[in-house]
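Below: one structure, written as structure tokens.
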Amino acid sequence: MLDLSDLPHCTRCQLSTTRQRVVVGSGPARATLVVVGEAPGRSEDEGGEPFVGRSGQLLTRLIVDELHLEREDYFITNVVKCRPPANRTPTAVEIATCRPWLEEQLALFSRALVLGVGNTAGRALFGYRGSLASVRGRVFATGVARGLVTFHPAAALRGGPSVVEMMREDLQRLRELRETS
Ligand code: URA
């Protein structure tokens, strides 16, 4: 079993040779919501905090608007804890190698609802294979997590208001789920 106190010094994969910092995640120990993204980008690699760059700021704002939660109210992390060079998508091997850390973290929040942000996170959490568009709005309950998936805010920054609107709908669904569970 892994000890989460070792995560900041992890060298389990090649990303440890190019990263500046391991981006462990942040939030309160008693969080009832866990947000999981793909992997740190440049700002996160420099600062050591998840989702602090441009797309993170959009996500933070949407969660305030739709769930009425501030950053200090939920735990936020990524499937892969180290920045892939040039922000490429993490490989299947990197995702699998980092997975035990994610599972250790999720085990700490076993009663929390989990929001997967983007397809990499959604697939890692909920185990589906298809496109994100085809599973949006579905509530998953797997051995690792219960919750749903929405678009990555980077896709919203590229795709414009219609993607932001779909993210808002997904977050409203999550809010209903929080209120009824
Ligand atoms: N994108 C992610 O998926 N995670 C981050 O922490 C930043 C950008």
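Quick rundown of the values:
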quantity	calculated
Answer residue from the stretch 151-181, given it is more than 16 Å from residue 57 (Cβ to Cβ) and open to solvent by less than 40 Å² (accessible area, probe 1.4 Å) and is nearest to the ligand (Cβ to nearest atom) among those	170
Every residue from the stretch 36-65 that is farther than 25 Å from residue 165 by Cβ and either open to solvent by 60 Å² or more (accessible area, probe 1.4 Å) or hydrophobic (A, V, I, L, M, F, W, C) (or both)	39, 42, 46, 49
Residue under evaluation residue 89, criteria (1) open to solvent by less than 10 Å² (accessible area, probe 1.4 Å); (2) within 15 Å of the ligand (Cβ to nearest atom), criterion not met	(1)
The stretch 100-150 - residue that is open to solvent by 60 Å² or more (accessible area, probe 1.4 Å) and part of a helix (DSSP H, G or I) and, of those, nearest to residue 170 (Cα to Cα)	133
Residue in the stretch 53-65 that is in contact (Cβ under 8 Å) with a residue 40 or more places away in the chain and of a type in the set (S, T, N, Q) present	yes
Verdict on residue 155 being small (Gly, Ala, Ser), assigned to a helix (DSSP H, G or I) and under 25 Å from residue 17 (Cβ atoms)	no
Those residues of the stretch 1-35 which are outside any loop (DSSP other than H, G, I, E, B) and open to solvent by 80 Å² or more (accessible area, probe 1.4 Å), in sequence order	6, 9, 14, 17
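The values are calculated or read from the model by the stated rules, or taken from the named source; none is laboratory data. This structure is a prediction, so every number in the text was calculated from the model and none was measured. Glycine also receives a Cβ, built like all others from the backbone with ideal geometry; neighbour counts cover every protein chain displayed. Ligands, DNA and RNA are stripped out before the accessible areas are found, and what is left, the full protein with its side chains, is counted by its heavy atoms. Shrake-Rupley method; radii C 1.70, N 1.55, O 1.52, S 1.80 Å.
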